[in-house]
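Colleague: Encoded as structure tokens, here's the structure I'll be asking about.
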Amino acid sequence: MRPTVGGLGALGLLVVALSGCAGADRAPAGTAPATATPSSARTATSGPAVAKGPPTTAPGRDGLTPVFQRGTPAAGKTVALTFDADMTADQGPRAAGGERFDNPSLIALLRRLEVPATVFMTGRWAEEYPTQAKSIGTDPLFEIANHSYSHYAFTADCYGLPVIGKERMADDVRRAFAAFRAAGARNVVPYFRFPGGCYDKASLRALAPEKVTAVQWDVVSGDAFATDPDAVADQVLAEVKPGSLVVMHCTRSAAPVTEEAVRRIVPELRERGYRFVRVSELMAH
């Protein structure tokens, strides 16, 4: 999760209510170029649980996981909308009590608008909503990326999130990929978003054997706990540049106005000549 339009005060509420958070002095993320596939032409794909084809960035220096920041000018007027499907490992009781960590109507809207997107999903979310995880992960309009299994922080002092030990980081990532595979998702890319966007050299080194690319962002939508969709849309529309990557959320309880904001963001950016793409397509540039 990233800061809301209201700032860190609202973010504090987010940490308490969802354990979602934002990275402070972390590198922002990159974008994905792609042309939407008409809904009439989309079919379920087959293939390995983690796709072999998607591009990745070169390994970082000193054996560190590489970090993808945003698209380059070569990407042209492209923008990637990414959606974090957050659910922490200990939120099962809240889900059982009726709290909704999913947002199927948002996914349906993206399909109607034919907007390609990358969904950064936690393994715990995929376990809670396996039918939705499979639906997203077999629709070629989308790709699923790893947001950890637990949504615990990979550094200390990450907006109040529980912290996962360095020795468990790689296993947490593998466990999330296993959850996607168990749900039947196929369009899975080897990208990872740190919970809260918080990382350091130790966490980058711990994940290097997993051969993932860490993906951040450069545009904060402010949708977390926002109540005014126009404020969210205004923030995105003011900050998007060619090659931008926007971080948003696919979680009704924590981001209730995202769908309404997207209804305005998509047509206005298309009017400006932008094309929506997935992270893998942006990275190919």
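The values are calculated or read from the model by the stated rules, or taken from the named source; none is laboratory data. Because the structure is a prediction, the values reported are computed rather than measured. Cβ: placed from backbone, ideal geometry, glycine included. Neighbour counts: every protein chain shown.
Colleague: Could you list all residues from region 95-109 that are in contact (Cβ under 8 Å) with a residue 60 or more places away in the chain, surrounded by fewer than 18 Cβ atoms within 10 Å (Cβ to Cβ) and either under 14 Å from the mean Cα position of the chain (by Cα) or more than 26 Å from LYS241 (Cβ to Cβ) (or both)?
Modeller: Within region 95-109, the subset in contact (Cβ under 8 Å) with a residue 60 or more places away in the chain is 99-103, 105-107, 109.
Still in the running and surrounded by fewer than 18 Cβ atoms within 10 Å (Cβ to Cβ): 99-100, 105, 109.
Once the filter is applied, which keeps residues that are in contact (Cβ under 8 Å) with a residue 60 or more places away in the chain, surrounded by fewer than 18 Cβ atoms within 10 Å (Cβ to Cβ) and either under 14 Å from the mean Cα position of the chain (by Cα) or more than 26 Å from LYS241 (Cβ to Cβ) (or both), region 95-109 yields GLU99, ARG100, SER105.
Colleague: Collect the residues in region 118-133 that are of a type in the set (Val, Ile, Thr) and in a helix (DSSP H, G or I), keeping them in residue-number order.
Modeller: THR131
Colleague: Check GLU268 against each of (1) assigned to a helix (DSSP H, G or I); (2) on the phi > 0 side of the Ramachandran plot and name the one condition it does not meet.
Modeller: Every listed condition holds for GLU268 apart from (2).
Colleague: Among residues belonging to region 110-142 that are charged (D, E, K, R) and closer than 22 Å to ALA261 by Cα, point out the one that is surrounded by the fewest Cβ atoms within 10 Å (Cβ to Cβ).
Modeller: Restricting to residues being charged (D, E, K, R) and closer than 22 Å to ALA261 by Cα, the top hit is ARG112.
Colleague: Output the residues belonging to region 63-103 that are of a type in the set (A, V, I, L, M, F, W, C) and not in a loop (DSSP other than H, G, I, E, B).
Modeller: Once the filter is applied, which keeps residues that are of a type in the set (A, V, I, L, M, F, W, C) and not in a loop (DSSP other than H, G, I, E, B), region 63-103 yields VAL67, PHE68, ALA74, ALA75, VAL79, ALA80, LEU81, PHE83, ALA85, ALA95, ALA96.
Colleague: Considering only residues that are of a type in the set (Val, Ile, Thr) and touching a residue at least 24 places away in the same chain (Cβ under 8 Å), look in region 150-192 and name the one that is farthest from THR138 (Cα to Cα).
Modeller: Ranking the candidates gives THR155 first.
Colleague: In the list ALA44, ALA32, which residue meets the criterion of being modelled with pLDDT under 50, under 30 Å from GLY273 (Cα atoms) and buried (at least 23 other Cβ atoms within 10 Å of the Cβ)?
Modeller: ALA32
Colleague: When only residues in region 189-228 that are farther than 24 Å from GLY71 by Cα, of a type outside the set (A, V, I, L, M) and assigned to a loop (DSSP other than H, G, I, E, B) count, which is modelled with the lowest pLDDT?
Modeller: Per the stated criteria, the residue is PHE225.
Let's see how each residue does on (1) touching a Gly at 6+ places or on another chain (Cβ under 9 Å); (2) surrounded by fewer than 21 Cβ atoms within 10 Å (Cβ to Cβ); (3) of a type in the set (Lys, Arg):
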| position | (1), (2), (3) |
| --- | --- |
| TRP217 | yes, no, no |
| SER221 | no, no, no |
| PRO256 | no, yes, no |
| VAL277 | yes, no, no |
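Colleague: Can you spot a residue in region 229-242 that is closer than 16 Å to SER148 by Cβ, among the small types (Gly, Ala, Ser) and either at pLDDT 95 or above or buried (at least 21 other Cβ atoms within 10 Å of the Cβ) (or both)?
Modeller: Let us first name the residues in region 229-242 that are closer than 16 Å to SER148 by Cβ, namely none.
No, the conditions are met nowhere in region 229-242.
Colleague: For LEU161, indicate whether it is at pLDDT below 95 and either surrounded by 16 or more Cβ atoms within 10 Å (Cβ to Cβ) or not in a strand (DSSP E or B) (or both). Please lay out each step first, then the result.
Modeller: Details: at pLDDT below 95: yes; either surrounded by 16 or more Cβ atoms within 10 Å (Cβ to Cβ) or not in a strand (DSSP E or B) (or both): yes.
Taking the combined requirement at face value, the residue satisfies it.
Colleague: So VAL115 ticks every box in (1) in a loop (DSSP other than H, G, I, E, B); (2) more than 17 Å from the chain's Cα centre (by Cα) but one. Which box is left unticked?
Modeller: Against the list (1) in a loop (DSSP other than H, G, I, E, B); (2) more than 17 Å from the chain's Cα centre (by Cα), VAL115 comes up short only on (2).
Colleague: Quick check, is SER148 crowded, with 24+ Cβ neighbours inside 10 Å and of a type in the set (S, T, N, Q)?
Modeller: In short, yes.
Colleague: To continue, here is another question. With respect to VAL220, determine if the residue is touching a residue at least 12 places away in the same chain (Cβ under 8 Å) and closer than 25 Å to THR56 by Cα. I'd like the intermediate steps shown before the answer.
Modeller: On the way: touching a residue at least 12 places away in the same chain (Cβ under 8 Å): yes; closer than 25 Å to THR56 by Cα: yes.
So VAL220 passes the test.
Colleague: Condition test on ARG186, is it part of a helix (DSSP H, G or I) and of a type outside the set (Gly, Ala, Ser)? Show your work before the answer.
Modeller: Working: part of a helix (DSSP H, G or I): no; of a type outside the set (Gly, Ala, Ser): yes.
The answer is no for ARG186.
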